[in-house]
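A short worksheet on the structure shown next.
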Amino acid sequence: MPTMAGGITVGTEYVPTLLDQGEARMLNYLWLVPTLPLVGFLILVGSAGKLNPRWVPWIGAGSVGLSAVLVAGIGYEFLAGQRVCYKLPLRTWASSGDFSVSFGLYLDALSLTMLGVVTGVGFLIHLYSRGFMADDPGLARFFAYMNLFVAAMLVLELEDMLVLGVREVVRELILVLVEEVLLMEAVEVLPVL
C-alpha cells in the first residue's frame, strides 16, 4: 500500500513517480482542503466564546478562504495536467490477506467542481454572515458550526469509498443518463390524451 509521501494512485494503477518528480505538487496538499476548515472549527470551539469577537469571522472565513485558494491551485494543476483521477491513500483501517479497507482522498473532475462550489460558496456565505451576525452573542458558535459543515462537505466530496462504492454507482448512472440524452437523435413527443 503506497504511503502519502510515496506517491499517488492514478486511476487504478499506482504511479510512484508522478508526485516524486514534483509534477503534481499541489495534489500533495489535497488533504489540507478539508483540514483547514476543521482547524478553524477546532480553534473556535476551543476558545469557548472567549475569543475577541472581531477575530471570530477572520478565523471562520479565513480558513474556508484558504481552502478555496488551495482548491483553485489544485484545479489549475489538475486541468493543466493529464486530467485523470487521483487517489491519495492516507490510512489503512483493516487488512486481511488480499482484502483491505483504507481511507484516502479521491479527486476527479466532478469532485474538483464540487470542491470549488463548496469552498467558493462557503467562503461567500462566511463573508456575508460576518456583517449579518456581527452583534449576535453566538457568533463564535455560528462560525464554528459553519466551518464544521464546510469541512464535512469537503470530506464527503473527497473520500474514496463512500458506503462501499455507492459514489461510483451514482457516477456511472449519471454518465449513462448523460450519454443517453446526448446520443438521442430525435425525441418523439407523445400526444397527451
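The values are calculated or read from the model by the stated rules, or taken from the named source; none is laboratory data. Just so we're clear, the structure is a prediction, and the values are computed from it rather than from any experiment. Note that each Cβ is placed from the backbone with ideal geometry, even for glycine, and that neighbours are counted across all protein chains shown. SASA here: full protein model, heavy atoms, side chains in, ligands and nucleic acids out. Shrake-Rupley method; radii C 1.70, N 1.55, O 1.52, S 1.80 Å.
Structure notes:
- Leading residue by the ranking (modelled with the lowest pLDDT) among those in the stretch 23-40 that are open to solvent by less than 10 Å² (accessible area, probe 1.4 Å) and part of a loop (DSSP other than H, G, I, E, B): 24
- Of the set (1) in contact (Cβ under 8 Å) with a residue 60 or more places away in the chain; (2) buried (at least 16 other Cβ atoms within 10 Å of the Cβ), all apply to residue 82 but (2).
- Note on the stretch 97-137: residues that are assigned to a helix (DSSP H, G or I), touching a residue at least 12 places away in the same chain (Cβ under 8 Å) and among the hydroxyl-bearing types (Ser, Thr, Tyr) amount to 3.
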